[in-house]
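Some notes on the structure that comes next.
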Amino acid sequence: MKKVLLVFGTRPEAIKMAPLVKAFKENINIDLKICVTAQHREMLDQVLDFFDIIPDYDLNIMKKGQDLFYITSKILDGIKNVLEDFKADLVLVHGDTTTTLSTSLAAFYKKIKLGHIEAGLRTYNIDSPWPEEANRQITSVLANYHFAPTINSKKKLIKEGKDEQDVIVTGNTVIDSLFLALDIIENNSLIKKEVLGNIKSQYNLIENKKIILVTGHRRENFGIPFLNIFKALKKIASDNPDVDIVYPVHLNPNVQTPVKEILGNIKNVFLIDPLNYPSFIFLMNKSTFIITDSGGIQEEAPSLGKPVLVLRETTERPEAVQVGTVKLVGSDPKKIVTESQKLLNDSLEYNKMSKINNPYGDGYSCKRIVSFIEELKF
Ligand code: UD1
Ligand code: UDP
């Protein structure tokens, strides 16, 4: 029986690995173990709870205000013991976090085969997103198998010299998660009630009210860019008193402190705690549009037909820009305000950006990944 170890540590990795856990568990030919680094703690646990995932190993490394040296060395050290305990044939990592980088390095040191989910995303600017662009390029160098979400990402890997047979286009597993979660919410009245209760305990959701949903956490935006972004949001709030701005704030103190200072006391700005996944996608569905620097949200929003203004100068996800759902606005307050006003007042512009598109997948990515791994001969 093949032994596969899945390793993840942050909220987005957990969301994107959750349907893969389910797909592996349905396969009797694979012995699956799950290791969480807990690079995130509360935000990871929210996802584990919702998808009912109990890790076999938990490195529990998170500490408040951790830096990259701490995360990298703690994981590298901790994962060594896991690899020695569970002698995996294949380790699977996801995306571009420090969990991904450290685990990939550990698998390489132990000469264990490595598979990379969400491979081939690139800006080719190692300063943006930082440090993620370097993390994913290094992971690609170390990985044996590359699960690319789109043809575009496969092309990049082939251009970098990967063998065609080791690169498979699967779609992004985030769409599997999204469909799975939407299905659970729609078909389980208890969960739907919980989701509504969860949102309403922090924000009084009123049907048909215009909502701008905001998230932001990227390291490149720390400092001046975030100050500019928050000032832009303040202006949008004061120019549109009938619109609510709802912002589930990432737990990073580099975000929490400035956001509370600038947006803390505004009547129509709601700074709330991070929502669990089903509550967040429910709110996303109720929102008019989204302003974010998140990668995952750029992938989910087109499937829901929600326009997104992206608070980044570059994106490794050009597909959603091409289909027209996503626009890059960076941290320029003028652009953020102007583009937001267009989406609030210009129905033609709004309709152009709010068509449902699925450039990132059809919900069957995990099946493709598991079938490919089943066929592998080690
Ligand atoms: C990390 C990833 C980033 C990913 C993001 C998703 C790296 C280098 N960065 O960035 O690629 O997009 O996760 O959100 O891997 N915190 C808590 N509780 C939590 C989570 C975070 O308190 O559950 C606070 C802690 O103070 C922690 C800080 O947030 O020190 C930063 O967490 P960290 O994982 O270092 O960076 P992120 O900005 O979350
Ligand atoms: N998300 C969530 N609760 C929130 C905000 C976001 O569950 O309060 C989900 C969102 O739907 C997406 C993922 O978290 O799937 C994105 O995570 P994040 O923005 O932290 O990281 P990134 O995608 O930028 O790496």
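Values in this text are rule-based calculations from the coordinates and carry no lab data. Keep in mind the model is a prediction, meaning the values are calculated, not measured. Cβ placement follows ideal geometry from the backbone for every residue including glycine, while neighbour counts extend to all protein chains displayed.
Some observations on this one:
- Nearest-ten-degree value, helix 224-239 long axis tilted from longest Cα axis of the chain: 40
- For the residue pairs K209/K327; K113/K159; K192/K231; K154/K342, the C-alpha atoms sit more than 27 angstrom apart in K192/K231; K154/K342.
- Comparing Cα centroids, segment 3-60 and segment 207-272 end up 31 angstrom apart.
- Contact order for segment 78-224, expressed relative to its length and based on alpha carbon pairs under 8 Å spaced 6+ residues apart, stands at 18 percent.
- C-alpha long axis of helix 295-304 to longest principal axis of the chain, angle in °: 70
- For segment 340-378 and segment 75-114, distance of Cα centres in Å: 29
- Residue-averaged [θ]222 nm for the chain, counting only DSSP H segments that reach four residues, each worth -39500 (n - 2.57): -15000 deg cm²/dmol
- Remark on segment 268-378: ratio of C-alpha radius of gyration to 2.2 N^0.38 Å is 1.25.
- Set K200/K334; K16/K352; K110/K377; K16/K335 screened for pairs whose C-alpha atoms are more than 24 Å apart: K200/K334; K16/K352; K16/K335
- Spherically averaged projected area in nm², based on the convex hull that wraps the Cα atoms of segment 303-356: 3.5
- Largest first and in whole Å, the equivalent-ellipsoid semi-axes of segment 78-155 read 23, 14, 8, each the square root of five times a Cα gyration tensor eigenvalue.
- Our summary gives the chain a relative contact order of 16 percent, counting only alpha carbon pairs under 8 angstrom and 6 or more residues apart.
- Stretched out straight at 0.36 nm per residue, the stretch from K87 to K25 would grow longer than its current Cα-Cα span by 20.5 nm.
- Counting Lys and Arg as +1 and Asp and Glu as -1 over every other residue whose Cβ lies under 14 Å from the Cβ of S128, the net charge comes to -2.
- The chain: angle of helix 98-109 to the longest principal axis, Cα-based, in degrees nearest 10: 10
- Ordered by the count of other Cβ atoms within 10 Å of each Cβ, fewest first, F289, F147, F86, F50 give F86, F50, F289, F147.
- Taken over segment 201-308, the convex hull of the Cα atoms encloses 100 Å³ per residue.
- One quarter of the surface of the convex hull around the alpha-carbon atoms of the chain equals 17.4 nm², the direction-averaged projected area.
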